[in-house]
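In what follows, a structure is listed as structure tokens, so that the remarks can point back to it.
Just so you know, all these numbers are worked out from the coordinates, no wet-lab data involved. Computed from a predicted structure; not experimentally measured. For neighbour counting, all protein chains shown are included, and Cβ atoms are generated from backbone atoms with ideal geometry for every residue, glycine included.
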Amino acid sequence: MAAGPILQLTGVGRRYNEIDRELVILNDANFALGKGEMVALVAPSGAGKSTLLHTAGLLERPDSGDVILSGRSCGTLSDEERTAIRRNDIGFVYQFHHLLPEFSALENVMMPQMIRGMKPGIAAERAQQLLDYMKVGARASHRPSELSGGEQQRVAIARAVANAPLVLLADEPTGNLDPVTSSYVFEALEALVRQSGLSAMIATHNFDLARRMDRRVTLKDGKITDL
Ligand code: ADP
């Protein structure tokens with residue numbers, strides 16, 4: 001493991017070309033996420049939180065600058081190499097769970113491991129452990145439609161960390177939940193991050209949750225700044 005930050009954004013630029021204007025979302029943006037660090041990304045809707053998380057998670061390429069993961073520059077890698085890094089080293093959680101509806105909770109958490117080549121027995125064992133850890137183990141055989149919103153998100157978090165990624169990126173993971181469920185899901189997420197030494201960047205509108213993280217950043221004039 002390289003010393004220094006797990007995830008770094010250096011001089012990142014990202015803009016969208018609209019018909020009559022250019023929308024600058026990131027402009028020479030810099031950011032570093034340390035090992036085991038949990039950082040809240042707090043900014044108004046439309047500020048560019050999703051764009052930032054997608055760029056950091058190698059789902060989108062920056063127009064300029066670089067994304068460095070565990071000391072490895074990802075800017076010039078091929079799409080295939082970026083896909084492999086996404087699969088193994090980056091976990092993503094969205095506001096909506098995006099679980100596969102025709103599979104059980106257990107199978108959903110097994111899936112990324114199977115894609116990586118893990119044997120089904122081992123993948124199932126780890127999936128059950130993660131579901132237990134997220135306190136949704138008793139629901140392992142249920143399909144997503146049979147789970148509550150909070151349970152669905154806990155399964156989605158278990159799936160995101162199934163391949164033991166270096167970084168967890170979450171885009172308003174509790175945004176669809178009521179305050180009590182939201183706090184409960186966040187508690188499980190926080191425990192998982194703390195216990196596994198994972199590094200996490202979590203976009204949230206919830207100031208109570210943001211306060212519980214190590215650090216808070218925002219997006220201002222295309223830059224990532226401390227809050
Ligand atoms: P947030 O997650 O903070 O709500 P987003 O990153 O989704 O912000 O969007 C930032 C801005 O960029 C918004 O004004 C949005 O409309 C615009 N935007 C996002 N994706 C695209 C795209 N693919 N093409 C054009 N504009 C986009």
Between Arg61 and Glu190, Cβ-based FRET efficiency (R0 25 Å, step 0.05) works out to 0.20
So how long is each side of the chain along the principal axes, counting just the alpha-carbon atoms, biggest first, in Å? 49, 39, 38
When the chain is fully extended, how far beyond the present Cα-Cα distance does Arg211 get from Lys119, taking 0.36 nm per residue of separation? 29.1 nm
Count charges around Gly65 for me, please; just the other residues with Cβ under 9 Å from its Cβ, Lys/Arg as +1, Asp/Glu as -1. -2
I need the trypsin sites (Lys or Arg not before Pro) found in the range 138-227, filtered to DSSP loop residues with at most 16 other beta carbons within 10 Å of theirs. Arg212
So what's the back-of-envelope 222 nm ellipticity for the chain, counting only DSSP H runs of four-plus at -39500 (n - 2.57) apiece and dividing by all residues, rounded to 500? -10500 deg cm²/dmol
Relative to the compact-globule estimate 2.2 N^0.38 Å (N residues), the Cα gyration radius of the range 150-204 stands at a ratio of 1.04
Can you tell me what share of the DSSP beta bridges in the range 5-224 is antiparallel? A percent to the nearest 5 is fine. 50
If R0 = 45 Å, then Asp28 and Leu100, at their Cβ-Cβ distance, give a FRET efficiency to the nearest 0.05 of 0.70
Those lysines that a straight Cα-Cα span of less than 19 Å connects to Lys223, excepting residues fewer than 8 apart in one chain: Lys49
How big is the range 61-112 along each principal axis, measuring the range of its Cα positions in Å and listing the largest first? 40, 20, 18
